[in-house]
1. By DSSP, what percent of the beta bridges with both residues in the chain are antiparallel, rounded to the nearest 5?
2. As a quick test, which of the pairs Lys236/Lys339; Lys137/Lys327; Lys236/Lys302; Lys62/Lys88 have an alpha carbon distance above 21 angstrom in this structure?
3. Which of the peptides 230-242, 258-270 is most tightly packed, and how do the rest follow, judged by the mean count of other Cβ atoms within 10 Å per residue?
4. Could you state the number of Å between the C-alpha centres of the range 147-181 and the range 261-280?
5. To the nearest 20 debye, what charge dipole does the chain have about its Cα centre, counting +1 at the Cβ of each Lys and Arg and -1 at the Cβ of each Asp and Glu?
6. Ser332: accessible area at probe 1.4 Å, nearest 10 Å²?
7. Could you tell me which of rounded, prolate or oblate describes the range 236-354, using a ≥ b ≥ c as the square roots of the eigenvalues of the alpha-carbon gyration tensor, with rounded for a/c under 1.5 and, failing that, prolate when a/b is larger than b/c and oblate otherwise?
8. Checking the a/c ratio against 1.5 first, then a/b against b/c, what shape does the Cα gyration tensor give for the range 160-203?
Amino acid sequence: MAQIDSLFGVLIEHGGSDLHLNQSQPPKVRVHGEISAIREQALSVEELGALLSEIAGEHRWKRFEETGDLDFAYEMGENARFRCNFLKQANGYGAVFRIIPTEIKTIEDLGVPAVIKTFGHLRGGLVLVTGPTGSGKSTTLAALIDYINVNLSRHIVTIEEPIEFVHPNKGSIITQREVPEDTPSFSRGLKAAMREDADIVLVGEMRDLETISLALTAAETGLLVFGTLHTNNARKTVDRLIDVFPADQQQQVRTMLASSLRGVVAQLLMKRSDKPGRLAVNEILVATPAVSAIIREGATQKLQDVIVGGKGEGMQLMDDAIMKVLKEGKVSAQEAYMKAIDKTRFAAMVESPN
């Protein structure tokens, strides 16, 4: 048992999501979005160094000391997994640990729209799950991969940094590769997946030009590619993908994206007001001929109207999803206003919530 396990035990006991360790500060946990200290005594450089180096192991610790950043996953027995991020900061060492549930929740458990399942049945194309850090993108993608694993027979390759949810083979074959332990980068892993008889590739983060370019090519050649981005609605997602490329390539990229994009699932987590905890709200874009035409001509401001008019296909605007949970009394007017994209829709409710 590692020394840090006692702190993880406190995190689990409080039902928290993250453990924060910073030199010269007491350990802190995030519970339902709020951060609080779990003891008065600050962490010394010796104590924090011992806690971190023990679970990193010699090889990883050396890499961290050289680069100042480290990402990996740590298992505490069979019942808990953590995504670990080590960093060097102005006051010395720091680390953040996100708890990864060992049980993969279903799409129904998460309460996300059932239309997401249809993306699992596609035979090619690009599906993006987007949202800010900590919005549950990985959890939603894990539920979708598990749905495919249970109901279909596919070869699924995941490229993650680090591997979060561990998928046992059910109806499908699942190959999980970790950056940089099993493959040097997302782009190298994606390139290799094209030679590995994969049907589906999950790219943990599409954050650079090479990875995005390869993902578009793979989607065009018949692979079903799931990727994540840090954008909070469908329009910003399309714009971000295109803006990564130099200006002289953007028209060609629009054409590629118009033909390969199959859907965008944007996700936010909202603090509940009816009971402790948080709930997911989603914007859903399903690619239709109208969506493809809009992307091709670069008129992404028209996507909002398509989503509003596409309810029959399962489309949903983020602000409509927020309004729905507000009217159901699950979130406060203030929380709805803070998370909304068009804040004017919610401003009057904050001023006079009754």
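The values are calculated or read from the model by the stated rules, or taken from the named source; none is laboratory data. This structure is a prediction, so every number in the text was calculated from the model and none was measured. Using ideal geometry, Cβ is built from the backbone for each residue, glycine included, and neighbour counts are taken over all protein chains shown. Surface accessibility is based on the protein's heavy atoms, side chains included, excluding ligands, DNA and RNA. Shrake-Rupley method; radii C 1.70, N 1.55, O 1.52, S 1.80 Å.
1. Numbers: 39 of 65 bridges.
Close to 60 percent.
2. Details: Lys236/Lys339 15 Å; Lys137/Lys327 25 Å; Lys236/Lys302 12 Å; Lys62/Lys88 13 Å.
Where the Cα-Cα span goes over 21 Å, the pairs concerned are Lys137/Lys327.
3. Details: 230-242: 20.8, 258-270: 23.3.
My ranking of the peptides, most packed first, is 258-270, 230-242.
4. 24
5. Working: 39 positive and 46 negative charges, 216 e Å.
It comes to approximately 1040 debye.
6. The accessible area comes out at roughly 50 Å².
7. Details: a/c = 2.51, a/b = 2.29, b/c = 1.10.
Judged from the Cα gyration tensor, the range 236-354 comes out prolate (a/c at least 1.5, a/b above b/c).
8. Working: a/c = 2.45, a/b = 1.20, b/c = 2.04.
The shape class here is oblate.
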